[in-house]
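Remarks on the structure that follows.
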Amino acid sequence: MDCNKKPNILWICTDSQRWDTLGCYGNKWVKTPNIDRLASEGMLFERAYCQNPLCTPSRGSFLTGRYPTTTKLRQNGQDIPESEVLVTRVLNDNGYVCGLSGKLHLSACDHKIKNFGRDPANWWKQTEEYHFKGIERRINDGYSEFHWCHGMTPSNSYRRWLQEKGRKPEKLQIRADSKHVYHGVPDEFHVTTFCVEKAMGFIEAYADYHCPWLFSVNIWAPHLTLAPVDEYMERYLDMVDEIPDADFFEGELGTKPPYQAIYQKNIAHNFDWNTMTARERKFCKAAYWAAVDHIDYQIGRLLDCLEATGQKENTMVIFTSDHGELIGDHGLYIKGPFLYEGAVRVPLIISYPGVIPAGTRRSALVELADLAPTVLDCAGLPREPGMQARSLWNFLTDAKAEDFFREDVYCEYMNSNPDTLAQFCTMVRGERYKIVVFHGQKLGELYDLNTDPAELNNLWDSPGHAEAKIEMLKRVCDRLAQNADPLPERIGIF
């Protein structure tokens, strides 16, 4: 293998960032010049979807190119099986040096699951009492540099980094309302800054290395703690009243599966639609956007480092998120058995100077699972036999390619949260319609995204949409069949 001809890969993954939170995606409120610049230098995907709206199932999927039920990672708090092969391991086995800062979350990050309560009204209080051991269990993941931390919890590498700076961990204020200004961790001590500075150190250290590298920058933001750096929150304070409220109308959840209303009532944590004022909800959205603005600033430092070390031209940069966040849409916060656009549609931008045509936008339907085989194609390596997703590589590099990649995208929620609402549902979204099937239940959701992009009007029981419903139900069956594990490989005729 001639390592010098292989490209570097910088893979940036934020946490819980919905697609419409960037200037390049049409958000006029945020300030994201650096990510917008990355989009102008590469390809922006307008309709990219995760395969589960929770961290562990989604991350297991896009790091293996397999679907959550196939990887056996259906829930947060599960351990990835030793048999699963991450794309980073394939790269490392073929001469790449791989590093990570921030989250991995392919295994349980707490160790009190056996004592986990089953009372949905108290689940968040119970999880706050968990104690971190300092690192999650790892398989052969291919990462030789591993600067791990999970969230704002100052554990492992992040704690040591703070100690080196002479800073003690801080208690964060996480409630957003009209009477309080956020008091988040200052920029220089923030976990986002930690992730980026560790990545910059790696990039600088391997600038003249004889083999290529991949680095995963897994930022734990804008995840719904809502404790942004004060200076990024300040500019929103005078415009809070102008910010649009969440998409929701009184009585909407009465037309939806009942689990959504149960979540809204019992699993709200500090974000309870029923008790929050419109101004408080707007403060939540402002704080969420402020966290995105801070991410953008730090990513600007990272991209400048790549250029300053002379590695920009030989590096493919991926920017995405593991899943979205409803931030009040449909009266919902946190995560649950709801697969609305805000929860499952994510930003996806990929840049590689001279290889991927600059300033290209694609409206084609794509899945995050498609990233693993794409990375292998970029590196000129064969795909793993267990991969189920499709490589975007030819689609990325052909400026004249038709703006079409998939007939539909797939997402699942198979008892994905450890609570009493053990629901199993599957989503398929095509060009026009989206269906969410609750398995074993006489209920579901059907939306015409052409006429109802906010997904407010459930057409599941609409006689006028019976034909569309039947067609989408068939698509669900087809995707479930097609997602069968291709392993073990066939080795003989009989």
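The values are calculated or read from the model by the stated rules, or taken from the named source; none is laboratory data. Computed from a predicted model, the values in this text were never measured in an experiment. Cβ atoms come from the backbone with ideal geometry, glycine included; neighbour counts cover every protein chain shown. Heads up: the accessible areas ignore ligands, DNA and RNA and are worked out on the full protein's heavy atoms, side chains in. Shrake-Rupley method; radii C 1.70, N 1.55, O 1.52, S 1.80 Å.
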- Item | Meets criteria (at pLDDT below 95 and within 22 Å of Val196 (Cβ to Cβ)) for Gly142 | no
- Query: Within segment 270-285, can you find the residues that are touching a Leu at 6+ places or on another chain (Cβ under 8 Å) and open to solvent by less than 20 Å² (accessible area, probe 1.4 Å)?
  - Reply: Phe271, Cys284
- Neighbours by Cβ (under 7 Å, 6+ apart or cross-chain): first from segment 337-359, at pLDDT below 95; second among the aromatic types (Phe, Trp, Tyr): Pro337/Tyr259; Pro337/Tyr413
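Inside segment 224-255, can you point out the residues that are assigned to a helix (DSSP H, G or I), hydrophobic (A, V, I, L, M, F, W, C) and within 26 Å of Thr192 (Cβ to Cβ)? Even if it seems obvious, please write down each step before you answer.
Our first condition is that a residue be assigned to a helix (DSSP H, G or I); within segment 224-255, this holds for 230-237, 240-242, 252-255.
Cutting the leftovers down to hydrophobic (A, V, I, L, M, F, W, C) gives us 233, 237, 240, 253.
Hits for segment 224-255 are Met233, Leu237, Val240.
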- Item | Qualifying residues in segment 450-472 (those that are touching a helix residue (DSSP H, G or I) at 6+ places or on another chain (Cβ under 8 Å) and among the hydrophobic types (A, V, I, L, M, F, W, C)) - the one nearest to Arg345 (Cα to Cα) | Ala454
- Message: I'm told Arg432 meets every condition in (1) in contact (Cβ under 8 Å) with a residue 12 or more places away in the chain; (2) out of contact with any Leu (no Cβ under 8 Å at 6 or more places or on another chain); (3) open to solvent by 30 Å² or more (accessible area, probe 1.4 Å) except one. Can you identify the failing condition by its number?
- Response: (2)
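Test Glu252 against the stated conditions and say whether it is more than 26 Å from Leu348 (Cα to Cα) and open to solvent by less than 10 Å² (accessible area, probe 1.4 Å).
For Glu252, the condition - more than 26 Å from Leu348 (Cα to Cα) and open to solvent by less than 10 Å² (accessible area, probe 1.4 Å) - is met.
Step by step: first the residues of segment 454-494, then only those that are among the basic types (Lys, Arg) and in a helix (DSSP H, G or I), then the one that is least open to solvent (accessible area, probe 1.4 Å). Which residue is that? Write out each step before concluding.
Step one: filter segment 454-494 for residues among the basic types (Lys, Arg), giving 469, 474-475, 479, 490.
Imposing the further condition that a residue be in a helix (DSSP H, G or I) reduces the set to 469, 474-475, 479.
On the way: Lys469: 41, Lys474: 114, Arg475: 55, Arg479: 14 Å².
Within segment 454-494, the match that is least open to solvent (accessible area, probe 1.4 Å) is Arg479.
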- Message: Need a quick list: strands (runs of 3 or more DSSP E) entirely within segment 292-373 having at least 2 residues that are in contact with a Cys (Cβ under 9 Å, 6 or more places away or on another chain) and open to solvent by less than 10 Å² (accessible area, probe 1.4 Å).
- Response: 315-321, 345-351
- Could you run through segment 416-438 and say how many residues are touching a His at 6+ places or on another chain (Cβ under 9 Å) and either assigned to a loop (DSSP other than H, G, I, E, B) or modelled with pLDDT of 95 or more (or both)? 3
- Task: Run Tyr413 past the list (1) in a loop (DSSP other than H, G, I, E, B); (2) over 18 Å from Lys474 (Cβ atoms); (3) open to solvent by less than 50 Å² (accessible area, probe 1.4 Å); (4) not β-branched (Val, Ile, Thr) and report the number of the one that doesn't hold.
- Result: (1)
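Restricting attention to segment 79-129, report how many residues are surrounded by 17 or more Cβ atoms within 10 Å (Cβ to Cβ) and modelled with pLDDT under 50. Even if it seems obvious, please write down each step before you answer.
Here is the first cut: in segment 79-129, the residues surrounded by 17 or more Cβ atoms within 10 Å (Cβ to Cβ) are 80, 84-92, 94, 96-110, 120, 123.
Filter once more, keeping what is modelled with pLDDT under 50: 120, 123.
Looking only at that region, the number is 2.
Given the options His210, His223, name the one that is open to solvent by 30 Å² or more (accessible area, probe 1.4 Å) and in contact with a strand residue (DSSP E or B) (Cβ under 9 Å, 6 or more places away or on another chain). Spell out how you get there, then give the answer.
Working: His210 fails: in contact with a strand residue (DSSP E or B) (Cβ under 9 Å, 6 or more places away or on another chain).
Of the residues listed, the single one that is open to solvent by 30 Å² or more (accessible area, probe 1.4 Å) and in contact with a strand residue (DSSP E or B) (Cβ under 9 Å, 6 or more places away or on another chain) is His223.
When only residues in segment 383-410 that are farther than 24 Å from Phe338 by Cβ and aromatic (Phe, Trp, Tyr) count, which is surrounded by the fewest Cβ atoms within 10 Å (Cβ to Cβ)?
Of everything passing the filter in segment 383-410, Phe404 is surrounded by the fewest Cβ atoms within 10 Å (Cβ to Cβ).
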- Residue among Lys469, Lys474, Lys400 that is under 29 Å from Leu371 (Cβ atoms), charged (D, E, K, R), at pLDDT 95 or above and more than 25 Å from the chain's Cα centre (by Cα): Lys474
